[in-house]
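Engineer: Can you read through this structure? Questions will come right after.
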Amino acid sequence: MLGSGTMWVKRKKISLWTMGNVENSKRNASDITAIADAELVGKTRAGDNKAFEVLVRRYQKLVYNIIYQMIRNHDSASDLTQDTFLKAYKALPGFDTTKSFKPWLLKIATNSTLNTIRDQKGQQSLEELLEVNPQAEPASTEDVEQEVEWRVSQHMLFDALGQLPIQQRKTFVLRYQQDLPYEEIAEISELSVSSVKSLLFRARENLRKILSEQLAVSQNV
Amino acid sequence: MDELNETKCSRVREILTEILDDTADSTRNNLENCTQEVDGERVSMHLQSCDRCQNWQAQTEEMVDMARLLPQFDVSERLTQSILAQVAVVESSKQQQLSWIVYAAAVALFLYVMLFVDAFESVWGIGSWIVGLGTMIGLKLLIAEPRKESQVV
């Protein structure tokens, strides 16, 4: 009887100790997730891979969704997300710590995606790919815009986005889907803020034209 | 007259675009407030009298609102683990490279001492060799430890 009582006390002690440890690890996990990017970058550079894991978990969804909107294929988006973090990890020792981590990471992601798209398109040059897309410049639809009743669905917008030149699509997604400020988009794209504004303007006008045309066709059918 | 209207329309749309971009996270009400602030009543008056610009504004707002609602895909834990495993491989190969450098340096030192220094002439010489070996084993352990940690991640 006494023996079993001692056992119970021991078990209780062990379970309390385990609970304490779980609580501690939970607290540690929440502590580390609250740390700023710059500190996590510093810790990763000092050899703490847990810190890099936090960065991966913090940004993987953003990176994946931006890449997916650019490449429109889940398998490729997964591969490129993996590739982005691996490149970032390898390049981290040379990262300028006075700059922000997020635009730097997104620059790696978008550049890798652009390179992959260029490789997939073969002989087409990147400049052609970025700006020339016959589907993206439909005939003037001023009159159509007046007549068509505008009821845009997510599906239609998704399709229309796919018809935009890649640079315009990327800028539109970064600004409106991901809600990034101009300055960050400019840093990611290595462009001036005014160029970003002009890309956004063109993207919106092209989208409106494509959507108007799609709506006109669907309402006529 | 038409040309004049076109110019007005494009100017109003330019202003509306700037407002829309600067307040991308705000609501339609905010947009209307900003319109009042930025170019006074001129833009509002134009909007009241121009169906084309009204349509343009409504369509652009709807498009931007819809873009914010586009689905965002969640990332699977498998992808996360795959990224972390790849990082661990990179880290491990870095450590391996470092340990090869240490080994090469140790071998070079050993050969140098064997060939050019009479280290085994006395008890002190042999003692210094033992200390040297201990240091090398210590270094090896130091290198092996972070490798184990990185494999856990």
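The values are calculated or read from the model by the stated rules, or taken from the named source; none is laboratory data. Values in this document were obtained by computation on a predicted structure and should not be read as measured data. Every residue, glycine among them, receives a Cβ derived from its backbone with ideal geometry; neighbour counts consider all protein chains shown.
Engineer: Taking segment A:185-202 only, how many residues are more than 10 Å from chain B (Cβ to nearest Cβ) and touching a helix residue (DSSP H, G or I) at 6+ places or on another chain (Cβ under 8 Å)? Even if it seems obvious, please write down each step before you answer.
Structural biologist: Going residue by residue through segment A:185-202, those that are more than 10 Å from chain B (Cβ to nearest Cβ) are A:185-195, A:198-199, A:202.
If we keep only those that are touching a helix residue (DSSP H, G or I) at 6+ places or on another chain (Cβ under 8 Å) as well, we get A:185-193, A:195, A:199, A:202.
Total satisfying the criteria: 12.
Engineer: Does segment B:74-92 contain at least one residue that is surrounded by 13 or more Cβ atoms within 10 Å (Cβ to Cβ), more than 10 Å from every other protein chain (Cβ to nearest Cβ) and either farther than 30 Å from A:GLN177 by Cα or in contact with a helix residue (DSSP H, G or I) (Cβ under 7 Å, 6 or more places away or on another chain) (or both)?
Structural biologist: Yes: segment B:74-92 contains one or more residues that are surrounded by 13 or more Cβ atoms within 10 Å (Cβ to Cβ), more than 10 Å from every other protein chain (Cβ to nearest Cβ) and either farther than 30 Å from A:GLN177 by Cα or in contact with a helix residue (DSSP H, G or I) (Cβ under 7 Å, 6 or more places away or on another chain) (or both).
Engineer: Would you please name the residue that is nearest to A:TYR64 (Cα to Cα), looking only at residues in segment A:101-145 that are loosely packed, with under 14 Cβ neighbours inside 10 Å and at pLDDT 65 or above?
Structural biologist: Residue satisfying both the conditions and the ranking: A:ASN115.
Engineer: Only one residue in A:GLU187, A:GLU183 is surrounded by fewer than 20 Cβ atoms within 10 Å (Cβ to Cβ) and among the charged types (D, E, K, R), so which one is that? So that I can check it myself, show each step before the final result.
Structural biologist: Numbers: A:GLU187 fails: surrounded by fewer than 20 Cβ atoms within 10 Å (Cβ to Cβ).
Checking each option against the conditions leaves just A:GLU183.
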